[in-house]
Every structure is written in structure tokens, then in C-alpha cells.
1. Just give me the residues in segment 1-24 being more than 10 Å from the ligand (Cβ to nearest atom) and within 21 Å of the chain's Cα centre (by Cα), in sequence order.
2. Against the conditions (1) more than 24 Å from D19 (Cβ to Cβ); (2) within 11 Å of the ligand (Cβ to nearest atom); (3) open to solvent by 50 Å² or more (accessible area, probe 1.4 Å), where does N182 fall short? Just the number, please.
3. Is there any pair linking a residue in segment 282-305 that is at positive phi and in a loop (DSSP other than H, G, I, E, B) to one that is modelled with pLDDT of 95 or more and open to solvent by less than 40 Å² (accessible area, probe 1.4 Å), with Cβ under 9 Å and at least six apart or on different chains, and which?
4. Residues in segment 30-43: is at least one assigned to a loop (DSSP other than H, G, I, E, B) and within 10 Å of the ligand (Cβ to nearest atom)?
5. I need a count of the residues in segment 207-254 that are of a type in the set (S, T, Y) and either within 21 Å of K279 (Cα to Cα) or not in a strand (DSSP E or B) (or both).
6. Scan segment 53-64 and tell me whether some residue there is in a loop (DSSP other than H, G, I, E, B), closer than 18 Å to V87 by Cβ, touching a Phe, Trp or Tyr at 6+ places or on another chain (Cβ under 9 Å) and open to solvent by less than 10 Å² (accessible area, probe 1.4 Å).
7. Among the numbered criteria (1) open to solvent by less than 10 Å² (accessible area, probe 1.4 Å); (2) within 16 Å of V66 (Cβ to Cβ), which one does I217 miss?
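The values are calculated or read from the model by the stated rules, or taken from the named source; none is laboratory data. Note that the structure is predicted; figures quoted are calculated from it, not measured. With ideal geometry, Cβ positions are generated from the backbone for all residues, glycine too; neighbour counts draw on all protein chains shown. Only protein heavy atoms, including side chains, enter the accessible area calculation; ligands, DNA and RNA are left aside. Shrake-Rupley method; radii C 1.70, N 1.55, O 1.52, S 1.80 Å.
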Amino acid sequence: MSYLETTHEVYKKAALTPDVGLCCTTNPIWELPGLKIPTIMQQMNYGCGSTVHARDLTNSPKILYVGVGGGMELLQFAYFSRQEKGVIGIDVVDEMLEASRKNFKEAEVQNDWFKSSFVDLKKGDALNIPLDDESIDVAAQNCLFNIFKTEDLKKAIQEMYRVLKPHGRLVMSDPTCEQPMNETLRNDDRLRALCLSGSLPLAEYIKMLTDAGFGTIEIRARKPYRILAPKHYATNEVIYIESVEVAAIKDPMPADGPCIFTGKAAIYFGEDALFDDEKGHILLQNQPLAICDKTAGALATLNRQDIFISESTFHYDGGGCC
Ligand SMILES: C[S@@+](CC[C@H](N)C(=O)[O-])C[C@H]1O[C@@H](n2cnc3c(N)ncnc32)[C@H](O)[C@@H]1O
């Protein structure tokens, strides 16, 4: 059986019998005024962060969600889009599509604004998305791409890039890991399917996105996720896994490389009212300006004693230089 078939088997089982310990993170299950998440959707929350951010969802965007799970995030997206087929949900596992379809019926009972027809469920594969080029404003996936091996991950990212409109955004949550993992763990298809042994270091994950052409990357959150300990897993050392929330925006690639926002800011505290780097960044006296890592590097080379550049907070929430 290939690792992709093992993955399908794992999620067939998780569709038929909810597994509350699968994935899951420190994220609260957020509910907004009038938005109620049915218990069954909470039990089938197989993600590792959130991909639903209100600021991505202005102007009635066409939304694509790949790897539907129990449907919780599709319901949260539908809360913002509220239109027939406003959210397209794609999954390769029939049983998962069936389970989420049932869960949307329950969501209708608990949410008077919601209709199942707001979500268009389709059978399909992340590696071959059954949608036209440039037809989507916001694409999302949560805890699926970390399962893919390198060539499949490239393909999955390319597919998202293809279906997004120019300036469209791919919003993701996935585990990442800075430590090397041994081959036994890497080749354990079941652990990979369970989102435990496929994760990449954050910089590699980002590079896969920029290599596909995304010109802007936002790291929105970085949180503790799991430990692989020697007494439970085939490892001699304790391996620490994090989960990240990342948005990759289909902006044109700048000539000097991608803008990657990791939560850095610059503050000018010199004698003048402002500092202008004449490349589009104006630092007002003692006001923070969110900057991408490229700009942080360029400002640092000026060696000024009156510009403070913060460390990455890995919490970038909009605004900024590029
Ligand atoms: C870890 S679960 C995440 C579910 C959901 N995103 C969530 O946050 O609860 C992975 C999901 O991806 C689906 N899946 C697995 N392989 C897939 C593929 N190649 N294409 C599309 N969906 C896939 C599974 O059926 C499952 O629904």
C-alpha cells in the first residue's frame, strides 16, 4: 500500500468513527455571534490551527477548502461568505465527504443563517484539483500538506497556485519541525498520515511556497504542537513539533525576492520626525512599522544606531512594508 493509500484509509476510519485525539491544538474552537459549531464537528476537528481569518474574507470571496474533515472550518468560512456554493470543499475520501455532508445538516439545525447549499462538496484530489485556473480568491488547507512527500507537496502547492486568482491567498495550517527526523519515522506511513512525521522545518516549508511563485508570505502563528518521545516512538531523542499558520499570497515575485513577514518590526528613534529609506519604507519617530525579513536585512546593513529591528514574533497580522 502506498503512503497516499494509507492516508486515505486513516481518514476513512476517522470519518466513520470520530477520533478526538487526532490532530487538534491549543486553538480555541471559536464561535462568533450566531455561529454555533455542532459537537460532532468539534470532535472531528482534525486540523492543527486555524485558516479562517476575517481579514482575508472581504468582498464575498470565492473560497476553496481542500481536505474537508468534519467540515468545521468550511462552516466558519461560510459564516463570512453566506452565498450559494460560496465555499467549495474537496476531499478524496468518500466517507469524509459523506460525514461532513451529514454534519452540515446538523449545522443547519443549529445556525439559522446557514444552508448546506452554501458549501459545494466535490470528490477530488489535492494533487489534481478539479477546478479552473484562476477561479478562487481564498484557498485553504489545514493539516493535509504536511502529509505529502516532497514531489507530491510540490504538486499540491502548484495546484493551489494554479486555481488562485492573481493576488489570491492560500491560507494554511500545518505542523513544522526544526529537528531532523530519522528515516524510520519519515517512512512510517501511518505516522505521516497522522501528521506526526512528515513535517518540514519552517524555512523549507516557506521555500516550497516561494519556489511555486508566491511573492508574499505571512507567518501568522507558531505554536507548540506535539512531542515524539523515545518511549513512544522510534527515536533516540525527544522531537519537538510545532504548528504554524501561514498565508501565501499570489503577488508577483519582487525582483529582489519574496517578501516574507515573520512578525518583525522596525522603530526609528533618531532626532528627525521620520526616517525614509527611499525604497518605500517610512519610519515615523517611535512608531513600529511591520517589515518583511528582506527589509529587516536591508535596514540592518545601514548600521544605524537609531533604528531598532525586532526579532521575529511569528505573529504577523497585516500592515507593513511591501
Ligand atoms: C488531517 S485531516 C484535516 C481535516 C480538516 N482540514 C480539519 O482541519 O479538520 C486531512 C483531510 O484531508 C483529506 N485528504 C487526504 N488526502 C487527500 C488528498 N490527496 N486530497 C484531498 N483531500 C485529502 C482527508 O480525508 C481529511 O479530510
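1. Of everything in segment 1-24, those that are more than 10 Å from the ligand (Cβ to nearest atom) and within 21 Å of the chain's Cα centre (by Cα) turn out to be V20, G21.
2. The single condition N182 does not satisfy is (2).
3. N286/Y268
4. Just the residues of segment 30-43 that are assigned to a loop (DSSP other than H, G, I, E, B), to begin with: 30-38.
Those still in the list that are within 10 Å of the ligand (Cβ to nearest atom) too: none.
Taking every residue of segment 30-43 in turn, none turns out to be assigned to a loop (DSSP other than H, G, I, E, B) and within 10 Å of the ligand (Cβ to nearest atom).
5. Residues that pass the stated criteria total 4.
6. Yes, some residue in segment 53-64 is in a loop (DSSP other than H, G, I, E, B), closer than 18 Å to V87 by Cβ, touching a Phe, Trp or Tyr at 6+ places or on another chain (Cβ under 9 Å) and open to solvent by less than 10 Å² (accessible area, probe 1.4 Å).
7. Only one criterion in (1) open to solvent by less than 10 Å² (accessible area, probe 1.4 Å); (2) within 16 Å of V66 (Cβ to Cβ) is unmet by I217, namely (2).
So that you can scan it fast, the table gives a plain yes or no per residue for (1) within 27 Å of I239 (Cβ to Cβ); (2) buried (at least 22 other Cβ atoms within 10 Å of the Cβ):
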{"position": "D133", "(1), (2)": "no, no"}
{"position": "Q141", "(1), (2)": "yes, yes"}
{"position": "L144", "(1), (2)": "yes, yes"}
{"position": "E159", "(1), (2)": "no, no"}
{"position": "D188", "(1), (2)": "yes, no"}
{"position": "R192", "(1), (2)": "yes, yes"}
{"position": "S197", "(1), (2)": "yes, yes"}
